[in-house]
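Step one of this worksheet: look at the structure below.
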Amino acid sequence: GQQVMQIPQYQHVQEGEDFTTYCNSSTTLSNIQWYKQRPGGHPVFLIQLVKSGEVKKQKRLTFQFGEAKKNSSLHITATQTTDVGTYFCAGPRRMDSSYKLIFGSGTRLLVRP
Amino acid sequence: NAGVTQTPKFQVLKTGQSMTLQCAQDMNHNSMYWYRQDPGMGLRLIYYSASEGTTDKGEVPNGYNVSRLNKREFSLRLESAAPSQTSVYFCASSHRDRVDGANVLTFGAGSRLTVL
C-alpha cells in the first residue's frame with residue numbers, strides 16, 4: 001500500500017543551527033501538507049504544496065515539493081527553542097482523493113539552548 | 001469558536017471493557033476523522049467520514065466502530081478494549097478547498113487511552 005516515509009526520526013541541534021527533514025512517498029501525490037506538533041500537543045497545519053517543484057517560505061521555514069511530486073522537504077534556518085516539536089508530512093491516499101491523509105512517521109526536533 | 005472538542009482527555013480501561021470517545025466540531029466542516037498516534041508510528045487513520053451519514057475505513061479500523069451522529073459529531077467506539085489499543089487518539093475535521101481540492105485538518109487536543 002501507499003507509504004509516506006520521513007527521515008530522520010530524531011534530530012538534536014544546537015540553537016542557531018539549521019535543520020532539515022525529508023519526506024518520501026511511494027506514489028505520486030496531488031499535494032503534500034506539513035504539520036507541527038509541540039510536545040504534549042496536537043498537530044497544527046503549517047502549509048500545503050500543490051505544484052511540482054514548488055517552494056514556499058514562512059519566515060525561517062522553507063518547504064519544497066519535488067519535481068516528480070513524490071518527495072518534499074522542510075528546512076529551518078537558524079533554529080530556535082520555539083521550533084522544538086515533531087514535524088509531519090502528509091499526503092492524500094490516492095491521486096484523486098483529498099480526503100484520506102496519510103501521515104509520515106514524523107521527525108522529532110530537539111533544540112539545545 | 002471552540003474548534004474540535006474531544007472527550008474524555010484521559011481514560012484507563014481494563015481489557016474487554018467498552019467505551020466511546022466523543023468528538024464535536026463547530027466549524028461546519030463536512031469531513032471528520034479519527035487518528036491514533038503511537039510512538040514512532042506517526043498518525044494512522046482509523047476511520048473517516050466524508051459527510052453526515054457516511055463513514056469509511058482507514059488504515060487501522062479493526063477493533064473500532066464509528067458513528068457520524070450529525071454534521072457536528074463523530075464518535076469512536078471500542079467494543080472490547082485490548083492493550084494494543086493503548087494510544088493517543090485524535091479527532092480532526094476538514095473542509096475541502098474549492099480551488100485545489102485539498103483538505104486541511106484541524107485537530108482536537110487528543111484523548112489518551114490506556115488499556116490494562
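The values are calculated or read from the model by the stated rules, or taken from the named source; none is laboratory data. Model, not experiment: these values are computed from the prediction. Positions of Cβ are generated from backbone atoms using ideal geometry, with glycine treated the same way; all protein chains shown enter the neighbour counts.
Quick notes on this one:
- Highlighted here are the strands (runs of 3 or more DSSP E) found entirely within segment A:7-97 that include at least 3 residues which are surrounded by 17 or more Cβ atoms within 10 Å (Cβ to Cβ): A:19-25, A:32-37, A:44-49, A:61-65, A:71-76, A:85-92.
- With respect to the stated conditions, residue A:46 is of a type in the set (A, V, I, L, M) and within 14 Å of chain B (Cβ to nearest Cβ).
- Near pairs, Cβ below 8 angstrom, 6+ apart or cross-chain, from segment B:93-107 (over 14 Å from residue B:52 (Cα atoms) and in a strand (DSSP E or B)) to any residue that is at pLDDT below 70 and of a type outside the set (S, T, N, Q): B:96/A:99; B:96/B:102; B:103/A:99; B:103/B:97; B:104/B:97
- Residues of segment A:12-45 satisfying the condition of being among the aliphatic types (A, V, I, L, M) and without any contact (Cβ under 8 Å) to a residue 40 or more places away in the chain: A:44
- The listed residue being over 16 Å from the mean Cα position of the chain (by Cα), modelled with pLDDT under 95 and within 14 Å of chain B (Cβ to nearest Cβ), out of A:105, A:98, A:30: A:98
- In segment B:94-101, the condition of being more than 18 Å from residue A:104 (Cα to Cα), more than 10 Å from chain A (Cβ to nearest Cβ), at pLDDT 95 or above and in contact with a strand residue (DSSP E or B) (Cβ under 9 Å, 6 or more places away or on another chain) is met by no residue.
- Of all residues in segment B:47-88, those satisfying the criterion of being farther than 22 Å from residue A:34 by Cβ, assigned to a strand (DSSP E or B) and either more than 11 Å from chain A (Cβ to nearest Cβ) or of a type in the set (Val, Ile, Thr) (or both) are B:65, B:66, B:67, B:68, B:73, B:74, B:75, B:76, B:77, B:78, B:87.
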